[in-house]
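Step one of this worksheet: look at the structure below.
Just so you know, all these numbers are worked out from the coordinates, no wet-lab data involved. Note that the structure is predicted; figures quoted are calculated from it, not measured. Heads up, the Cβs are rebuilt from the backbone with ideal geometry, glycines too, and the neighbour counts pull from every protein chain shown.
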Amino acid sequence: MLKMIRAQWIVPISRPPIQDGALLIHRDRILQVCKATSLIKNYPKVLIEDLGSSMVLPPLVNAHTHLEYSCLKGKIKPSQKFTDWLEQMMTLRHLLTPEEMIRGIQNTVKSLKKTGTGLIGEVTNTGLAAPILQKEGLRGSIFYELVGNNSTLKDYFKIEKKLRREAPSFKIAPACHAPHTVPEKLLLEMRSHLNKTKAITSIHLAESLEETEWIQHHQGPFAKLFEPFPKLSKNSKLGQGLGAIEYLQKHHFLNPRVLCVHCVDPLPREIQKLKKIHCPVVLCPRSNLYTGAGIAPLKKLISARIPLALGTDSLASNTDLDLWNEMKALKNLFPFLSYPIILRMATLNGAQALGFGKEYGSLERGKKARFIYVQTESQKIKDPLSFLIEESHEEINGYNS
Ligand SMILES: [Zn+2]
């Protein structure tokens, strides 16, 4: 059956906002997006659901989280030095029990929904979030993360079936934590597995100066941190002058299906390499400030036309997982960024990076009839995108046909 959704503003993302706009929906798909008046003219008998002064837009996409660390909220203080944050994190994460992780995940998934997030790139070492994300109706990718001296792809194969069973609406794939925290052998295994399956994966990359120093020159504060991990610290490819991105390139690991998370400290020449490979970068600006990692070279990434998505990372390095706050922070850090570019990062770019661009991320013909709508008091909003990003929203509802 046909149905029309009418609202003060429809924000399709892929094109400018439409005042007094409408979506024509058939079953679970969008058929048309245009002015309400022209839709009513063409379909005079169509059932209309009028959302009044609301703004309608696609669900937000949080391209990088670790929900199982939600229970660490407030337990690690914001740090000036990345290694200070990391040391605390390495100690605390081993003390967490499954029960407290599950409680944290449940609460956080509820607040994700309340703030309009519908699609997620979730990185996990336990898989605990999978059934909760499925039950709460979110969509996205679950990356089972491998990390440490003895990590191998076999660890992923042991849990893969369970994850697929528990979260059938999600894409499931393995992921390496970071170039320097997994054995080289795993990078190679992973590369051939991902080439075969064509799965999208995620990796933390060039997150901090200390990481670059370690990979490029095999020295710095990471030397002490890596002492207990001989396979990782004695890696002969470290210290050859390659940056983190070049190190992965040397292993033929990078391609457009690899989400590069952070990229705070790429070498200038590496940005051109990312551009050539067309890897998406997931920015986590508030997390990078929280950990002391710093600020990503956004102007350079944008001028290299690298596809940019947005993530919050976890509550171990952020105060909340509200993407509206992440967008506000981005605007404050980089005032030159326009509102349409910021909103695109938090919707369409994220959906495309996660491999959901055909169904989510924008309101367009053929895409899923899933959207969020933000209540507004006023009928006279002139610039809907600045309103969406600058104002706080008490009420965000989700629509799922
Ligand atoms: Zn992360």
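Mean sequence separation of contacting Cα pairs (under 8 Å, at least six apart), scaled by the length of the chain, corresponds to a relative contact order of 22 percent.
By the count of neighbouring beta-carbon atoms within 10 Å, fewest first, ASP322, ASP155 end up ordered ASP155, ASP322.
With 0.36 nm allotted per residue and the present C-alpha distance subtracted, the ILE341-ARG305 stretch has 11.8 nm of extension available.
The value given for the stretch 143-183 is a Kirkwood hydrodynamic radius of 10.7 Å, derived from the mean inverse Cα-Cα separation. Taking other C-beta atoms within 10 angstrom as a stand-in for reagent exposure, PHE334, PHE82 fall in the order PHE334, PHE82, fewest first.
Of all DSSP beta bridges confined to the chain, the antiparallel ones make up roughly 40%. Fewest neighbouring Cβ atoms within 10 Å first, the residues GLU394, GLU210 line up as GLU394, GLU210. Rounded to the nearest 20 debye, the dipole size of the stretch 268-394 about its Cα centre is 840 debye, using +1 on the Cβ of Lys and Arg and -1 on the Cβ of Asp and Glu.
Label positions at ASN332 and HIS26, each projected 7 Å from the Cα along the C-beta direction, are separated by 4.7 nm. Ranking ALA36, SER314, ALA206 by Cα position along the charge dipole of the chain, where only Lys, Arg, Asp and Glu carry charges on their C-beta atoms, puts ALA36 farthest toward the positive end.
Which residue, GLY366, GLY243, GLY127, has the most motion in a Gaussian network model of the chain that connects Cα atoms within less than 10 Å? Between GLY366, GLY243, GLY127, it is GLY366 that shows the largest mean-square fluctuation. You can think of it this way: the chain between ASN107 and ASN255 has 49.8 nm of extra reach, that is 0.36 nm per residue less the Cα-Cα gap.
The simple spin-label model puts a point 7 Å past each Cα toward its Cβ; for LYS81 and ILE277 those points are separated by 3.1 nm. Largest first and in whole Å, the equivalent-ellipsoid semi-axes of the stretch 256-331 read 22, 12, 11, each the square root of five times a Cα gyration tensor eigenvalue.
Charged side chains reduced to their Cβ positions (Lys and Arg at +1, Asp and Glu at -1) give the chain a dipole of some 1480 debye around its Cα centre. With 0.36 nm allotted per residue and the present C-alpha distance subtracted, the LYS358-THR197 stretch has 56.1 nm of extension available. Starting from the Cα gyration tensor of the stretch 64-220, take the square roots of the eigenvalues, sort them a ≥ b ≥ c, and report rounded, prolate or oblate (rounded when a/c is under 1.5, otherwise prolate if a/b is larger than b/c, else oblate). Here the stretch 64-220 falls in the oblate category.
How many angstrom lie between the Cα centre of the stretch 145-223 and the Cα centre of the stretch 372-401? Here the two parts' Cα centres lie 38 Å apart. Remark: the chain projects, on average over all directions, an area of 19.0 nm² (convex hull of Cα atoms). Placing R0 at 22 angstrom, the Cβ-Cβ distance between LYS35 and SER378 gives a FRET efficiency of 0.60 after rounding to 0.05.
Principal axis analysis of the Cα atoms in the stretch 303-390 yields extents of 37, 31, 30 Å, listed in decreasing size.
Among THR115, THR152, THR347, the largest mean-square fluctuation in a Gaussian network model of the chain (Cα springs under 10 Å) belongs to THR152.
Largest GNM mean-square fluctuation among ASN42, ASN325, ASN255, using the chain with Cα springs under 10 Å: ASN42. At a Cα cut-off below 26 Å, give the lysines reachable from LYS273, other chains included and same-chain residues fewer than 8 away excluded. Straight-distance partners of LYS273: LYS185, LYS196, LYS198, LYS237, LYS250, LYS299, LYS300. Binning the C-alpha pair distances of the stretch 44-119 at 5 Å intervals from 0 yields a P(r) profile of 3, 12, 16, 16, 14, 13, 8, 5, 5, 4, 3, 2, 1 %, listed from the shortest bin outward.
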